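J.: Before we start, here is the structure in question, set down as structure tokens.
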Amino acid sequence: PTDSAMVCFGSMFVELPKAQAQAMLRHDQEQLDEEINNLRKELRVKVNRLYEAQGKPELKGFNLNPMSAEEMKLINRIVEG
């Protein structure tokens with residue numbers, strides 16, 4: 001019922017307004033998602049280079065992208081009828 005939340009920063013807890021804590025968490029999650037996507041893209045390039053150096057053909061289906069949450073909702077609606 002209170003308008004504040006306890007947030008852990010390293011080994012220290014800080015009490016912040018809920019809205020500010022949520023905004024900070026959303027921002028951090030967006031940054032993490034962006035970093036993960038960049039690492040995935042780099043990994044694909046590196047794996048392709050490795051296969052090329054080994055004289056193997058490029059992996060098929062390795063460049064696929066996962067569906068977004070919105071796309072999954074639409075698929076589920078279609079499947080459910």
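J.: Nearest 10 degrees is fine. How inclined is helix 69-80 to the longest principal axis of the chain, computing both from alpha carbons?
T.: With both axes taken from Cα atoms, the answer is about 80 degrees.
J.: Measuring from label point to label point, each 7 Å out along Cα→Cβ, what is the ARG77 to PHE13 span in nm?
T.: If labels sit at ARG77 and PHE13, their model points lie 4.2 nm apart.
J.: Once ligands and nucleic acids are excluded and a 1.4 Å probe is used, how much of VAL45 is accessible, expressed in Å² to the nearest 10?
T.: Surface accessible to solvent at VAL45 totals approximately 70 Å².
J.: Can I ask one more? From the P(r) of the range 4-60, could you give the percentage of C-alpha pairs in the tail past 14 Å? Don't skip to the end; give the middle numbers.
T.: Working: 1110 of 1596 pairs.
I get 70 percent for the Cα pairs in the range 4-60 exceeding 14 Å.
J.: Can you give me the long-range amide H partners of ALA5? Hydrogens built in the peptide plane at 1.01 Å from N, cutoff under 5 Å, separation of 5 or more residues or another chain.
T.: Under 5 Å from the amide H of ALA5: LEU16, LYS18.
J.: Given a Förster radius of 35 Å and the C-beta distance between GLN20 and VAL45 as r, what FRET efficiency does 1/(1 + (r/R0)^6) yield to the nearest 0.05?
T.: On the way: r = 38 Å, r/R0 = 1.10.
So, using R0 = 35 Å, E works out to roughly 0.35.
J.: While we're looking at this one, here's another question. Which GluC sites (Glu not before Pro) does the range 25-81 hold that lie in a coil by DSSP with at most 12 other beta carbons within 10 Å?
T.: Numbers: sites: GLU30, GLU34, GLU35, GLU42, GLU52, GLU58, GLU70, GLU71, GLU80; in loops: GLU58.
Taking the range 25-81 and a limit of 12 other Cβ atoms within 10 Å, the loop GluC sites (Glu not before Pro) found are GLU58.
J.: For a quick check of your reading of the filter: which trypsin sites (Lys or Arg not before Pro) in the chain sit in a DSSP loop and have no more than 14 other Cβ atoms within 10 Å?
T.: Numbers: sites: LYS18, ARG26, ARG40, LYS41, ARG44, LYS46, ARG49, LYS60, LYS73, ARG77; in loops: LYS60.
Within the chain, the qualifying trypsin sites (Lys or Arg not before Pro) (loop, at most 14 other Cβ atoms within 10 Å) are LYS60.
J.: Same structure, new question: So for the chain, averaging the separation of alpha carbon pairs under 8 Å that are six or more residues apart and normalising by length, what relative contact order in percent results? Intermediate values should be presented prior to the final figure.
T.: Numbers: 28 pairs, mean separation 10.8, N = 81.
Answer for the chain is 13 percent.
J.: Compute the helix-to-body angle for 18-53: its Cα long axis versus the longest principal axis of the chain, expressed 0 to 90° and rounded to tens.
T.: For 18-53 against the chain, the angle is about 10 degrees.
J.: I've got another one for you. Taking a probe of 1.4 Å, how large is the accessible area per residue of the range 4-60, in Å²? Display every interim value, and only then the final one.
T.: On the way: 5010 Å² over 57 residues.
Computed with neighbouring chains in place, this is 88 Å² per residue.
J.: Identify which of ALA21, ALA53, ALA69 has the largest mean-square fluctuation in a Gaussian network model of the chain, with springs joining Cα atoms closer than 10 Å.
T.: Of ALA21, ALA53, ALA69, the Gaussian network model singles out ALA69 as fluctuating most.
The values are calculated or read from the model by the stated rules, or taken from the named source; none is laboratory data. Just so you know, these numbers come straight off a predicted model, no measurement behind them. Using ideal geometry, Cβ is built from the backbone for each residue, glycine included, and neighbour counts are taken over all protein chains shown. With ligands, DNA and RNA removed, areas are computed over all heavy atoms of the protein, side chains included. Shrake-Rupley method; radii C 1.70, N 1.55, O 1.52, S 1.80 Å.
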